[in-house]
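The values are calculated or read from the model by the stated rules, or taken from the named source; none is laboratory data. Everything numeric here is computed off the predicted structure, so don't read it as measured data. All Cβ positions, glycine included, derive from the backbone under ideal geometry; neighbour counts span all protein chains shown. We work out accessible area using only protein heavy atoms, side chains counted, and drop any ligands, DNA or RNA first. Shrake-Rupley method; radii C 1.70, N 1.55, O 1.52, S 1.80 Å.
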Amino acid sequence: MTLKDAATDVRQKAYAPYSNFQVGAALRAASGAVYVGCNVENVAYPEGTCAEAGAIAAMVAAGETEMTEVYVIAGSPMPVTPCGGCRQKLAEFGKGDVRVTMATTGGVEQVMTLAELLPGAFVPAHLARD
Ligand code: THU
């Protein structure tokens, strides 16, 4: 299954009764396996989670920590870019050249790399003490 099909399918399962904005995400891990996630909202709004976070959690729960490609889709007029928090979450598990395809259900696609999405990412080297 393509990342596009996987993300499109899982988007249908999104739990988004408050925003009515369903998002699907699919990522390919180093093994070639595909992991998916959808946004899961909560009546306590800040407790909701993004589609990208769900896909990352599924990958890690399956024992993988390296992703090679990402696809995000929503029913918006223009491709939805991952929120700031998700950019940092994605950067944890992918190199800068990993391609992130952002898509609309209407067929518009935009591709950016992780490095383009999050220049100046906070990385493990920042944790070094002097
Ligand atoms: N959302 C995602 O799941 N991923 C994104 O990249 C952008 C936003 C969700 C969060 C919330 O449930 C809804 O979209 C509206 O912000």
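Worth pointing out:
- For the stretch 3-119, the solvent-accessible area of protein heavy atoms averages 50 Å² per residue (probe radius 1.4 Å; ligands and nucleic acids excluded).
- A probe of 1.4 angstrom, applied to the heavy atoms of all protein chains, finds residue 66 with accessible area near 70 square angstrom.
- Between residue 31 and residue 122, the contour length at 0.36 nm per residue exceeds the Cα-Cα span by 30.2 nm.
- Whole-percent carbon and sulfur share, accessible surface of the stretch 3-119, 1.4 Å: 55 percent
- Translational D in µm²/s for the stretch 1-53 (Stokes-Einstein at 25 °C, 0.890 mPa s, Kirkwood Rh from C-alpha pairs): 218 µm²/s
- Solvent-accessible area of residue 15 with every protein chain in place, 1.4 Å probe, in Å² to the nearest 10: 120 Å²
- Note on residue 109 and residue 62: their simple-model spin labels are 2.0 nm apart, each label 7 Å out from Cα toward Cβ.
- Counting DSSP beta bridges with both ends in the chain, the antiparallel % (nearest 5): 70 percent
- Kirkwood-type radius of the stretch 1-122, with distances r between different C-alpha atoms, in Å: 14.0 Å
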